[in-house]
1. Go ahead and estimate [θ] at 222 nm for the chain from helices alone: -39,500 (n - 2.57) per DSSP H run with n ≥ 4, summed, over the residue count, rounded to 500.
2. Of all accessible surface on the chain at a 1.4 Å probe, what whole percent is carbon and sulfur?
3. Charges at C-beta only: +1 for Lys and Arg, -1 for Asp and Glu. How large is the resulting dipole of the stretch 10-167 about its Cα centre, in Debye rounded to 20?
4. Accessible area per residue, 1.4 Å probe, Å², for the chain: what's the number?
5. Note the full-extension length gain between Thr110 and Ala32 as 0.36 nm times their separation in residues minus their Cα-Cα distance, in nm to one decimal.
6. State whether the chain is rounded, prolate or oblate according to the following rule on the C-alpha gyration tensor (a ≥ b ≥ c being the square roots of its eigenvalues): a/c under 1.5 gives rounded; otherwise a/b larger than b/c gives prolate, and the remaining case gives oblate.
Amino acid sequence: FMYENIYCVNAGIEPNVAICIVLGLVSAFAAAALGGLIFSFLTITLRTNQNVTGLTLTIFGSGIGNFFGGSLNKLAGGVGQVTVTTTFRAYFNGLVEKLDAVTGSLNLGTLLFSYGLLTYVAIIMAVLLRYFLSKTRTGLSLRAVGENTGTADAAGINVTKYKYLAT
């Protein structure tokens with residue numbers, strides 16, 4: 001919002017879509033990391049109940065989101081909810097039409113390219129995380145910590161470090 005409405009308007013340029021997406025994702029990841037750090041400190045170090053802590057952080061996060069969302073809505077002139085509805089179909093339209101023509105009523109092109117960016121990112125992350133957890137030493141150590149902390153500790157794995165990094 002600030003990039004589009006302060007920087008670009010003052011400079012008299014059109015906002016770059018890629019920069020808007022990256023800024024939004026980085027901001028979301030930073031907020032999630034902060035929430036994860038708070039949750040980790042409370043549950044791992046202070047040993048509070050995970051259910052109560054998670055529910056409290058969820059309510060707190062919703063309140064923060066509503067507060068800042070309402071403020072941004074007022075700054076934007078009450079335009080309502082901002083959504084990103086760009087799909088990859090717009091970028092791969094020729095390929096989509098060719099695949100649909102080849103596959104007939106199956107419409108494989110439409111099936112593969114009609115989702116938003118985060119759908120594809122989630123699929124790629126799931127594949128990479130599957131590989132990480134089942135094929136790497138760090139991933140196997142993380143699984144050991146999750147299954148039995150006592151056994152992982154006896155094997156020389158720093159349980160607290162793995163819990164913090166995973167959360």
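1. Values: 8 runs with 111 residues, N = 167.
Helix-only estimate at 222 nm: -21500 deg cm²/dmol.
2. Working: 8200 of 12490 Å².
In the chain, the share of accessible area belonging to carbon and sulfur is 66 percent.
3. Numbers: 10 positive and 5 negative charges, 85 e Å.
Magnitude of the dipole: close to 400 debye.
4. Values: 12490 Å² over 167 residues.
For the chain, the per-residue accessible area is 75 Å².
5. Working: separation 78, 0.36 × 78 = 28.08 nm, distance 3.25 nm.
Computed gain between Thr110 and Ala32 is 24.8 nm.
6. On the way: a/c = 2.64, a/b = 1.31, b/c = 2.01.
Oblate shape, in that a/c is at least 1.5 and b/c is the bigger or equal ratio.
The values are calculated or read from the model by the stated rules, or taken from the named source; none is laboratory data. A quick note: this is a predicted structure, and the numbers were derived from the prediction, not measured. Virtual Cβ from ideal backbone geometry, glycine too; neighbours counted across all protein chains shown. Only protein heavy atoms, including side chains, enter the accessible area calculation; ligands, DNA and RNA are left aside. Shrake-Rupley method; radii C 1.70, N 1.55, O 1.52, S 1.80 Å.
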